[in-house]
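Written below as structure tokens is the structure these notes are about.
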Amino acid sequence: MPVFVVQLHDARRLHYDVRLEVDGVLKSWAVPRGPSLDPAVKRLAVPTDDHAMDYANYEGVHAGARYGSGAVIVWDAGDYTNQTRDKARKLVEPADAIERGHFRFALQGVKLTGSWAFTRTGRDGDWLLVKVRDEAAEPGLDLTTAEPRSILSGLTIEEMAESGHSGDQSQP
Ligand code: MN
């Protein structure tokens, strides 16, 4: 199954990078406020550059500029299942779904589960990340504050920044 990762990145502004494996690369969106478990909440998601697959396991403090400087932790990761369907209920491949501006998927992560959707708004090319209504929805829980730590190292983003650990990425 294809993988996904959500990295918390302390760049000029703290943001979450949500990345899903599509055709051998990590398609990526920067989500400033992170995912919300409340289906009524739409989170701004700005498309960013595709990242290489091996970046999915990266956490540490970037010294270089290729992927932006600052501390990164792996906030969540796991597999996903594409759930995008067209009007005829036919499954739409992820690359086509992104091209068309609506990409629905189910996450099997440590923190995030259930169905989610990225939808392009048309304004400024921005997208929205929204929790689909299902049994994994939980409007009263803010996971970003309830579970702030890395699923790999157990560090918070502040602890990672203080560690100065450069991570295993050979070409940041
Ligand atoms: Mn970033």
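Bear in mind these aren't lab numbers, they're just calculated from the coordinates by the rules spelled out. Keep in mind the model is a prediction, meaning the values are calculated, not measured. Glycine also receives a Cβ, built like all others from the backbone with ideal geometry; neighbour counts cover every protein chain displayed.
As a proxy for reagent exposure, His51, His165, His15 were ordered by neighbouring Cβ count within 10 angstrom, fewest first; the result is His165, His51, His15.
Packing, as the average of other Cβ atoms within 10 Å across residues, places the peptides 108-117, 90-99 in the order 108-117, 90-99, highest first.
Spatially, the stretch 106-141 and the stretch 25-83 are offset by 14 Å when compared through their Cα centroids. Computed over neighbours whose Cβ is under 13 Å from that of Leu14, the net charge equals 0, Lys and Arg +1, Asp and Glu -1. With helices as the sole contributors, the chain gives -2500 deg cm²/dmol at 222 nm; each DSSP H run of n ≥ 4 counts as -39500 (n - 2.57), and the sum is divided by every residue. Given their separation in residues at 0.36 nm each and the Cα-Cα distance between them, Asp79 and Val46 gain 9.7 nm when the chain is fully extended.
Would you please classify the overall shape of the chain from the alpha carbon gyration tensor, given that a ≥ b ≥ c denote the square roots of the eigenvalues, rounded means a/c under 1.5, and beyond that prolate means a/b larger than b/c while oblate covers the rest?
Because a/c hits 1.5 or more and a/b exceeds b/c, the chain counts as prolate.
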